[in-house]
Amino acid sequence: MGEGIKERLSNRLAPFGRLRIQVSHGSIIAYSALALILFVAFTIRILPLRWENLSGGTALLNEFDPYYQFSITQHMVNNGLLSPYWPTPWIDMQKWYPFGLNMVNALPSLPMTATVLYDVISVFGANIDLMTFCSILPAIIGVVDCLILYLVGKDYGGKAVGLFAALFLALAPSFLQRSSLGFFDTEVPGVLGLVLFMFLFLRSIDSNRSLRASILYSLGAGAALAYFIAGWGASYYMLDLTALFAFVMVLLKRYNQRLLVSYSITFGLGLAIATKVPYIGLHYVFDGAVVPVAGVFIVLIVAELLRNNISMRTKVLLAISSLVVIVGGFGGLWLTGSLSGIAGKFDTVLDPFIRAASPLIASVAEQRISAWGNIYIELGIGILFFLVGLYFTLRNPTNRNVFLMLFAVTSLYFAASMVRLLVIFAPAFAIIAGIGILGLIKPFYTLLQESSRVIAKTKRRIARVSKEYSGVAVFLIFVILVTNLAFSPQTGGVPRAIDQAFVPTAISDSSLPLGGASLTQHVDAWLNAISWLKNNAHSTDVVVAWWDYGNWLADLGNVTSFADNTTVNSTQIENLGFIFMGNQTQSMQMLASYNDYYNPGRVNYILVFTVLQISQSSSGTSTYVAGPAGYGDEGKWPWMASISGEARTRLLQEGYMNAATAWTDETAFGSSNSQTGRWQWNDQGENCTVYELMNYAEVQYCNTMSAIGYSISPDATTTTPTYFKEAYFAGLETSPFQYGGLVPIVAIYQIDWQAYYAATGRTGSG
């Protein structure tokens with residue numbers, strides 16, 4: 001009995017013993033190269049860990065917006081995945097005093113992704129701080145993006161194109177910056193949704209696949225589109241790009257039934273899911289950038305009907321009827337007010353000149369028009385391969401290539417319109433550059449593989465020379481690639497990827513342009529200021545600072561911010577600019593209106609951030625002078641003036657501005673010296689609050705350095721502020737040349753309400 005069972009079991013398992021896994025040498029090399037690319041992509045992205053305080057168990061986030069995303073994630077981890085939205089909206093009262101910030105308007109893709117993954121690793125016993133996890137997550141998702149783009153490139157031109165696409169994306173400066181350690185922001189789910197949608201949608205319209213496979217890919221593309229919409233406002237771009245592609249396919253007479261099926265399922269599912277997000281809602285489908293999706297859907301239906309064997313008269317009637325429906329629908333929505341326009345910064349992408357009329361939008365560096373230098377740093381000498389790739393793509397106008405051409409041309413336009421959108425152009429550039437490299441190498445490589453025995457004797461010399469030239473051509477392409485990705489002459493020989501990634505997070509270097517091997521430790525000014533606030537101020541204390549720093553103050557310093565990067569209240573930002581640009585009496589008048597709002601006396605601190613440039617004095621070799629470097633509020637105050645100047649009429653009517661000193665921009669406060677290039681403040685400028693607070697901090701630093709033997713003079717004299725008392729100045733002990741002559745100072749002043757009320761005869765009772 002036992003022997004019989006043994007024989008039967010042996011017979012059943014015998015076929016498995018004869019299995020042999022057949023893997024070609026080419027596949028081994030390709031997958032090894034892919035693994036190396038992904039490893040390099042991840043390693044480069046976590047280089048800033050060098051400067052983080054891992055001994056304390058925490059890696060900080062980068063820039064400012066990621067702290068807003070982190071606050072939502074932390075709330076979800078502590079209270080549940082839907083807690084910011086349901087059962088009641090979460091109003092964060094530590095932001096945007098006195099009204100708070102309605103967090104139901106937050107896009108959920110990134111915080112939900114982080115929350116789910118954090119809960120998963122916690123179940124498996126991983127003991128990691130949430131902020132550290134959120135700091136590393138962008139690097140992990142960036143690697144996943146490279147892997148997906150490899151699959152997209154592989155569909156376009158095989159493994160070689162896929163590998164080149166993954167490599168170019170992994171090292172693209174714009175994408176690298178927005179997927180490196182700490183960049184926990186909307187671009188993380190945005191780029192993931194973009195490349196995943198592109199991969200799935202292009203497979204769904206492939207007529208060589210079965211209908212079942214096409215439907216499955218369409219469902220996946222719809223889910224990816226919903227994730228994209230719920231994660232990044234730039235999803236408008238992919239919606240309209242896909243609609244434009246479908247419309248162009250009809251114009252090129254390339255329409256087929258598979259396109260209609262895929263388009264319908266993808267957009268139907270994607271929009272159905274996305275509109276369930278509270279911030280997006282059903283009104284999203286009536287947005288001026290989304291309505292064209294419906295218009296193209298009608299065009300596809302008409303194209304399907306016209307494929308049938310019907311009379312010319314019927315075809316004309318169908319075409320005219322569809323045109324009437326589309327135009328009438330748009331007109332009806334517009335006349336009834338249901339059709340909303342493309343608002344804010346999205347409108348300025350189409351027409352960047354609009355930005356000049358909105359200082360609030362123009363003040364954000366990442367929303368400015370891309371200079372040619374930005375584009376060259378992004379593409380490098382790889383632009384040669386991109387141009388060649390465009391040629392090969394245009395020469396072979398398949399459905400996939402039509403999509404790629406539209407993607408490349410439109411994303412390049414938008415990247416040139418707004419520097420932030422270079423990250424959308426990066427995947428298109430990576431794929432087309434890969435196609436260009438393969439298109440250049442392939443004929444030379446084929447020639448190198450030819451056997452000289454099949455060539456006639458009279459051709460031997462020509463064949464030998466041709467092979468030599470082919471080898472030189474392949475080697476030259478290799479040298480260009482190495483120069484572009486490894487040595488990069490445009491960055492002084494430092495590899496572009498290292499140059500972009502090997503810098504501390506913004507708060508760890510106090511927003512100074514520092515990084516590389518020469519920086520051995522983080523810059524403490526902002527970290528010390530945040531620590532002081534956390535230990536000495538209450539969570540209900542309001543700290544008035546320029547809106548850039550609001551998230552640092554609320555989410556790290558545990559105080560209440562006056563404004564932050566969400567820019568949900570432009571009026572309050574105008575008032576904030578007025579507080580800094582008005583004289584002390586005007587500033588206190590505005591601050592008093594907020595302090596008396598609920599009569600709690602919560603507006604207790606005002607903060608300025610200034611960076612000094614220490615340079616040698618012309619009067620002697622051992623004396624130095626401190627002046628503005630431009631990396632702090634000394635470089636941002638013109639925006640404070642312009643943004644508050646936008647509200648000139650309102651502020652005059654409300655009695656805060658007076659006609660004698662009212663301003664519209666920075667020119668009311670001085671002028672630029674044509675010889676030195678430095679700003680020369682006039683009397684009104686020297687009496688504005690931001691100048692007095694920065695200048696007082698500068699003098700205090702010079703006094704501190706004089707006490708320990710340095711001879712450093714301020715570039716201007718100062719007076720002690722009347723209504724602002726020194727609470728804590730971070731950075732006063734910084735050695736003048738510790739950071740190449742740059743000295744960051746975070747000056748926290750306590751507002752002296754008692755002195756103000758005594759001077760004005762007010763009681764503070766509102």
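Restricting to region 249-270, and then to whatever is more than 17 Å from I301 (Cβ to Cβ) and of a type in the set (A, V, I, L, M), can you tell me which residue is nearest to the chain's Cα centre (by Cα)? The extreme case among them is L269.
Are any of the residues in region 506-526 part of a helix (DSSP H, G or I), on the phi < 0 side of the Ramachandran plot and more than 21 Å from the chain's Cα centre (by Cα)? The answer is yes; a qualifying residue exists. Taking (1) among the small types (G, A, S); (2) in contact with a Pro (Cβ under 7 Å, 6 or more places away or on another chain); (3) surrounded by fewer than 23 Cβ atoms within 10 Å (Cβ to Cβ) in turn, A223 satisfies each apart from (2). Here V409 meets the list (1) surrounded by fewer than 19 Cβ atoms within 10 Å (Cβ to Cβ); (2) under 16 Å from G153 (Cα atoms) almost entirely, failing just condition (2).
Every test in (1) over 23 Å from W639 (Cβ atoms); (2) surrounded by fewer than 21 Cβ atoms within 10 Å (Cβ to Cβ) is passed by P721 save one, and that test is (1). Tell me, please, whether a residue that is at pLDDT below 95, farther than 14 Å from A730 by Cβ and under 21 Å from the mean Cα position of the chain (by Cα) can be found in region 531-548. Yes, some residue in region 531-548 is at pLDDT below 95, farther than 14 Å from A730 by Cβ and under 21 Å from the mean Cα position of the chain (by Cα).
When the residues of region 711-731 are narrowed to those that are in contact (Cβ under 8 Å) with a residue 60 or more places away in the chain, assigned to a loop (DSSP other than H, G, I, E, B) and of a type outside the set (S, T, Y), which ends up farthest from L533 (Cα to Cα)?
This residue is D715.
Among the residues of region 501-520, those that are farther than 17 Å from S179 by Cβ and either touching a Cys at 6+ places or on another chain (Cβ under 9 Å) or not small (G, A, S) (or both) comprise I507, D509, L512, P513, L514, L519, T520. You will find that of L151, L117, the residue that is surrounded by fewer than 24 Cβ atoms within 10 Å (Cβ to Cβ), closer than 22 Å to T393 by Cα and modelled with pLDDT of 95 or more is L151 and no other. A106 fulfils the conditions (1) modelled with pLDDT of 90 or more; (2) in contact with a Gly (Cβ under 9 Å, 6 or more places away or on another chain); (3) not hydroxyl-bearing (S, T, Y) except for a single criterion, (2).
The condition (being free of Cβ contacts under 8 Å to residues at least 24 places away in the same chain, β-branched (V, I, T) and touching a strand residue (DSSP E or B) at 6+ places or on another chain (Cβ under 8 Å)) is satisfied by just one residue among I28, I128, I91: I91.
The helices (runs of 4 or more DSSP H) found entirely in region 629-710 that carry 3 or more residues being polar (S, T, N, Q) and surrounded by fewer than 19 Cβ atoms within 10 Å (Cβ to Cβ) are 689-707.
Between G158, G142, G125, G100, which is buried (at least 23 other Cβ atoms within 10 Å of the Cβ) and either touching a Ser or Thr at 6+ places or on another chain (Cβ under 6 Å) or not hydrophobic (A, V, I, L, M, F, W, C) (or both)? First the steps, then the outcome.
Numbers: G158 fails: buried (at least 23 other Cβ atoms within 10 Å of the Cβ); G125 fails: buried (at least 23 other Cβ atoms within 10 Å of the Cβ); G100 fails: buried (at least 23 other Cβ atoms within 10 Å of the Cβ).
Going through G158, G142, G125, G100 in turn, the sole match is G142.
One residue alone among W532, W546 is touching a strand residue (DSSP E or B) at 6+ places or on another chain (Cβ under 9 Å) and surrounded by fewer than 18 Cβ atoms within 10 Å (Cβ to Cβ), and that residue is W532. Regarding L219, is this residue of a type in the set (A, V, I, L, M, F, W, C), at pLDDT 95 or above and over 25 Å from the mean Cα position of the chain (by Cα)? It is true that L219 is of a type in the set (A, V, I, L, M, F, W, C), at pLDDT 95 or above and over 25 Å from the mean Cα position of the chain (by Cα).
The values are calculated or read from the model by the stated rules, or taken from the named source; none is laboratory data. Remember, predicted model here, so these are calculated numbers, not experimental data. Positions of Cβ are generated from backbone atoms using ideal geometry, with glycine treated the same way; all protein chains shown enter the neighbour counts.
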